[in-house]
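The values are calculated or read from the model by the stated rules, or taken from the named source; none is laboratory data. Every value quoted in this text rests on a predicted model; they were computed, and no experiment measured them. With ideal geometry, Cβ positions are generated from the backbone for all residues, glycine too; neighbour counts draw on all protein chains shown. The accessibility values were calculated without ligands, DNA or RNA, using every heavy atom of the protein model including side chains. Shrake-Rupley method; radii C 1.70, N 1.55, O 1.52, S 1.80 Å.
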Amino acid sequence: MDSFSQPLTRQEFCFVVYLDSDMANLDFDSGDFIRQFHIPTHILELDSDVEHLPFVPKCPVLVFINSRSGGQLGGELLLTYQSVLNEKQVIDLGKESPDTVLRKVFHNLETWKSKGDEITLEIERNLKIIVAGGDGTAGWILGVISDLKLSHPPPVATVPLGTGNNLPFAFGWGKKNPGTDRPSVLHFLDQVQKANEIRIDSWHILMRMKVPKKVPCEPIAPLQLPHSLHKFHRVSKSDELNLEGYDTFRGGFWNYFSMGMDAQVSYAFHSERKLHPEKFKSQLVNQSMYAKHGLSQGWFFASLIHPFSRNIAQLCKIKIMKKRGDWQDLHIPPSIRSIVCLNLPSFSGGLNPWGTPSSCKCSDRDLTPPFVDDGLIEVVGFRNAWHGLVLLAPNGHGTRLAQAHRLKFEFHKGAADHTFMRIDGEPWKQPLPVDDDTVVIEISNLNQVKMLATNECRSKSYLDPSPPMAYDVHEKDSDDEESLEEEWRKFGAADTFRIPDDVDISHLS
């Protein structure tokens, strides 16, 4: 550590920047191109030898790869990135957790900045993150970044390595699994270097329920729930559900929360994949199996096959908040069997359930285009699978129910003892009250994260001059942050959560 006694002077630093700024139209496989993404080892491992750089990396990247995603693709992609970049800046999520890595890297950055290292300062400013995995993997990383409250949160690019790949598609990265060879990786790095930053809303989900005694709930996420939901202690002393036998779970999502028939199909797919992983070795096979479950469960003829108790209106009451403190009951048509709370215009393989409302509907129903940074979430309903196919038609959309800053689902004893739910690709079977119990799910806006988007990005910002309308998004719809309990201001992805050792992270897709 003592060898780093003479950091770059201001004059030397400006000379390095001057030399580095003259690199345009580089060969992708040249050393001059690849070094733009380099992070020196002493920033990744504080006890390593100091690497004096004669250049400033323009686009240093940390790469997180779920090596078990995409069949064999995840492992192949890991090896290729490690051969292109510094092996230490490519992290296998099967071996290291992202919160551990990010804590260490940002601690090291602060250490070297305190020594007056100008290049370290530039690396922190320009740092970007690449996540290769399914939507669940991307959500895991986004939750960690949000919870760590980093001084300079890096923007995130997503490699489509899952089945649906809704997050990558929403930002122009495509939905097909990528090539894993060296040219493909270099081309992706070039796209990352040219990408634009876009902010998107983060959504906090809080679930409170009475857990059956036969189902143990450990401090880690139980296997019955998605890995994005994490158990924690009471919310506040005044919480009326803060009773003996009730448990509270928190988490976050960045694309969607859904309930009903779509989540049931997803649950059947994921259950079979856990039992027979050898059948799911490619994206095409996965999509075919997904379609098979959709057909076999009878959702194309839901009104004839499935009982009335499966309808959303029979399962729960829903309240929405569009203005601070003003909760309103949301009317759900009796035919709706699936409900989607959508943040991005990409669902079920890149479809857009909300669409773009006409100016008349915007005026009559107080609707807006689906901006990703306006603090509003779009609530859409579907009657059956045929209704879902409407999304394939030009201007097709589901039943637009509402836009809101907060939602509350309340489940009481009824005709059904369970339903199915899903968060960003992770489904689960949710028990419903059988006695005089209550299951409550609350969704609220919580801060924003930065994503990287290509020119093919489908997501729109309210700041974009092209949308037809803009409005004040700064009005707060919940209590001021200072008055919130700590549990309401975090997703639980960094401090209180770890994936169990016996859980296959390939299911995070």
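Points worth noting:
- Where only alpha carbons of segment 315-384 are counted, the Rg and the Dmax (Å): 12.9, 36
- Label-point separation, Ser151 to Asp326 (7 Å along Cα→Cβ), nm: 4.2 nm
- Extension gain, Asp181-Lys429: 0.36 nm per intervening residue step, less the Cα-Cα distance, totals 85.4 nm.
- Solvent-accessible surface of segment 23-86, taken per residue with a 1.4 Å probe and all protein chains present: 40 Å².
- Overall Cα dimensions of segment 75-215, principal axis frame, Å, largest first: 55, 39, 30
- The label point for Thr454 and the one for Asp190, both projected 7 Å from the Cα toward the Cβ, are 1.2 nm apart.
- Potential extension, Leu46-Glu197 segment - 0.36 nm per residue separation minus Cα distance: 51.4 nm
- Of all accessible heavy-atom area on segment 31-150, the percent that carbon and sulfur account for (1.4 Å): 46 percent
- Modelled label positions at Lys104 and Leu275, each set 7 Å beyond Cα in the direction of Cβ, lie 4.0 nm from each other.
- Within segment 29-139: Cβ-based charge dipole about Cα centre, in debye rounded to nearest 20 (Lys, Arg +1; Asp, Glu -1): 220 debye
- Mean shadow area of segment 52-148, taken as a quarter of the surface of its Cα convex hull (nm²): 6.5 nm²
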